[in-house]
Every structure is written in C-alpha cells, then in structure tokens.
Amino acid sequence: MGQAFRRSPARDSLSPMTLKPFYPPDSEQPPQHGGDLGAASEQFGIDPNDWLDLSTGINPDNYPVPTLAPACFTTLPEKYRVAFLDAARHYYGCEFVLAGPGSQRFIELLPCLRDASTVGVPDIGYAEHAYRWRQAGHQVVTYDAWKPAALDTLIEEGRVDCAVIINPGNPTAKLVSRSHLRQWHRQLDARGGWLIIDEAFIDATPDKSYAPFAHERGVVVLRSIGKYFGLAGIRCGFAICHPELGERLDYALGPWPVTGPSQHIVEIALGDHAWQRNAARTLLRNSRWMQDVVVQHLGMPNRNLHSTGFFVGCILKSTFADHVFTKLAGGGILIRRWPLAGDFAGSTLLRFGLISSESVLLRDRFHSALAQIER
C-alpha cells in the first residue's frame, strides 16, 4: 500500500480484524440524498433526462476522463496501485491514506470498529453519519451545526467519546479552524476517542484541510473525489488516518475496493495541478454567479446566504421556501431543502448546486425559472 501496515495491539477491546455487524433500527429509514432523479421524476411526472439537477453539490465542470488501456477493464485491479496511493498522499499532504469506493464506505465502516460509544454529530448535514452510528448500536448526540463551537461543551464535559464534524458544513458552509480541530482531536484522543472530519467540500480551500495532521492517533479525515473533480460515478474516496486504524479499515474493506479504471483516472486527476488551480477559480466564480442570481430573485438579506465553492444555501421562511422548491421542481429544476429549528425555527434552507459558465442555456433556464417565482 505504499506504507506497510504494522501489527500492534488495538487501543480498545476490538482486535484489528473485528467488524461488528449492523443492527438497523426498525423504526428508522435510510437517509434520502440529492441526485435521486428517479424519485423526483415519479413525484413530479418529469422524465429523468429533462431535469436540471442542482441537488448534489458536484462540480459541474468535471475532470476530463482520459482514454484508458483496455487492460484496466479486462483484468482484476491491484488492491492499491503504488502510483495511485503516492498521488493521493502527495495531493492530500499526508503520510498515510486508504482508498475505498467513496468516502461513504468509510462512514459505514468506522462505527463498526468501536464498542458502544456516544457520538456527537451535527443536527443538520450529511445524514449518513448519524444514521450509520445509530445503525451500529451507538448513542448519537446532536449539536447545533450553525454553531460548531457547541461541540466544545460536549467534548470538555466528556459527554461524547467520538465526534463528527463536517468541514465546511453541508449545508451551513461553516468552517472550523485547524486550531479548533486540533483542540478537539487532542481532547478526544486522550480518552481513546475519535474525531472524524468529513472534508467532502474542502478541496477549493485546501489550506484549511486537517489532512496533514491525520497520521496521528484519534483522528480520521474523509475526502471525496466525486465533488471537486466532478467524478461521483467512479466511486472513489479516501480515509486519512493513523496506520493502526487504517489496518482495521483495510481488512473491513475487503479485496478490490476501488476498480482498476477508477484508480487510473484518480491517479491522473490528482497529479494534474494545472487543472486543479483552474478548477478552484472556476468553482468560486460559479458560486458567486449563483449567489447573485439567488439574491436578485429571492430578495433575501446577505446574512441569510451561506456558500462554498460547491453550493449556495439561502434561508427563507418555510412557506416561501416550500413554494420555491415546488415551483422549481415543477419546471424540472431539482434543489435540496432542510427545515430548520432553534434560532431558525420557522425557516427552511434551500441549497443550490452550481451551473457551469459554459452551460449558457442551463443558466438562462434557471434564471428564467427564478424570475417567474412570485414573492
């Protein structure tokens, strides 16, 4: 794997080769996700090919897929090609990295590698985190995603053994500093806990990543190829962690976790620095365009706008937000919505993915659809 696993005693009662089974609660349904055009088509009676899908936060200007040698498709892949992992270590600036079929797979597996724990998870965000920890028999405690510092109290008072932070937040766009993450990391590690940092949307601001510190015990950084490179379909993601925990995750993944074609494509994409520099600039320009259009037509104060280089979120009164969502969906434009609570009770956050500046017709379509919505 580029760095050999070293056998050593596990820090908790589970051996490196133990994988707890899943026990899905009968009362809980799996989370729904963006990009489900089949369900949207059934609900609104629109052909899947006719949608403008702004529900996923995926870069609309994807990395151009190179032509691959036929052997990539006709032979079993190496579990991890050395050049593939070397490219990932260089890109993420880390000492150890483990590849899997999307960061989703690590979200599923990590809860199965601990005895029963109490885990702090943001109250809104990628719902798979809370769902998978509960599914594996852990207790989940939520904290205010709009105020990540709320996690301070849970950690300082020892009320959680592990914590999940989505950085930047999805859909809040909140970004926690490295120094704050390091504080939580040290506090949790001191009592054998984990800090899990989901960095699916951080590639446009790589200097904010915690990956360079993730070789230490007690922390796992999750990274996605699908969002920044716009290659969600190849299913490749990474866990950056201490090799000891990596050994346990590697066993749980089993053979051939990433396809041969995916390894080759990702290796090339991670090494293409010119494309990456241009992509970061383009994403930010596309995000600014979306912000301008949303503010222009929905008439909200800037304090209700929350954006990253991958999506734009706006907070509206729930009745109006539901009206916007339904009107857009009726015209074949799919976005995401989150009803809010706490300080934002009675409001809903709408999240808009980005549209490429090259897609003039799609931008015009979106602009026109928003202009027809009555306030």
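The numbers here are math on the coordinates, done by the rules we state, and not lab data. What you see is a predicted model; the values in this text were computed from it and never measured. Cβ sites come from the backbone with ideal geometry, for glycine too, and all protein chains shown count toward neighbours.
A few notes on this one:
- Remark: spin-label model distance residue 139-residue 39 equals 3.0 nm, labels positioned 7 Å along the Cα→Cβ axis.
- Cα-based helix-to-principal-axis angle, 178-189 vs the chain, degrees rounded to 10: 40
- Ordering 181, 169, 141 by the projection of their Cα atoms onto the charge dipole of segment 71-271, which places +1 on the Cβ of Lys and Arg and -1 on the Cβ of Asp and Glu, puts 169 at the extreme positive end.
- Most tightly packed first, judged by the mean number of other beta-carbon atoms within 10 Å of their residues, the peptides 331-344, 305-318 read 305-318, 331-344.
- Inter-label distance, residue 275 to residue 302: 3.5 nm, where each label sits 7 Å from its Cα along the C-beta direction.
- GNM flexibility winner over the chain from 204, 40, 136 (Cα, springs under 10 Å): 40
- In the chain, a dipole from Cβ-located charges (positive for Lys and Arg, negative for Asp and Glu) runs towards its positive end, and of 338, 310, 328 it is 310 whose Cα lies farthest in that direction.
- For residue 142, the residues whose amide H sits under 5 Å from its own are 121, ignoring neighbours fewer than 5 places away on the same chain, with H placed 1.01 Å from N.
- Taking the C-alpha atoms only, the angle from helix 360-371 to the longest principal axis of the chain is near 70 degrees.
- Just checking the listed ones, 299, 120, 137: in the Gaussian network model of the chain with Cα springs under 10 Å, the one fluctuating most is 299.
- Charge dipole of the chain (Cα centre as origin; +1 on each Lys and Arg Cβ, -1 on each Asp and Glu Cβ, all else neutral): 560 debye, rounded to the nearest 20.
- Per-pair calculated FRET efficiency, R0 = 25 Å: residue 49 and residue 73 via Cβ, rounded to 0.05: 0.45
- Applying the criteria of a DSSP loop state and at most 16 other Cβ atoms within 10 Å to the GluC sites (Glu not before Pro) of segment 123-167 yields 157.
- Residues in segment 312-327 that a label on residue 374 would reach, taking backbone N under 15 Å of a point 7 Å out along Cα→Cβ: 320, 323-324, 327
- Selected from 361, 92, 56, residue furthest toward positive end of dipole (the chain; charges at beta carbon): 92
- The distance linking segment 320-364 with segment 36-112 is 24 Å (Cα centroid to Cα centroid, whole angstrom).
- Most to least packed among 216-222, 160-166 [average Cβ atoms within 10 Å]: 160-166, 216-222
- Label-point separation in nm, residue 175 to residue 32, each point 7 Å along Cα→Cβ: 3.1
- Taking the longest Cα principal axis of the chain as reference, the axis of helix 82-92 is set at about 60 degrees.
- Multiplying the residue separation of residue 182 and residue 356 by 0.36 nm and subtracting their alpha-carbon distance yields 59.1 nm.
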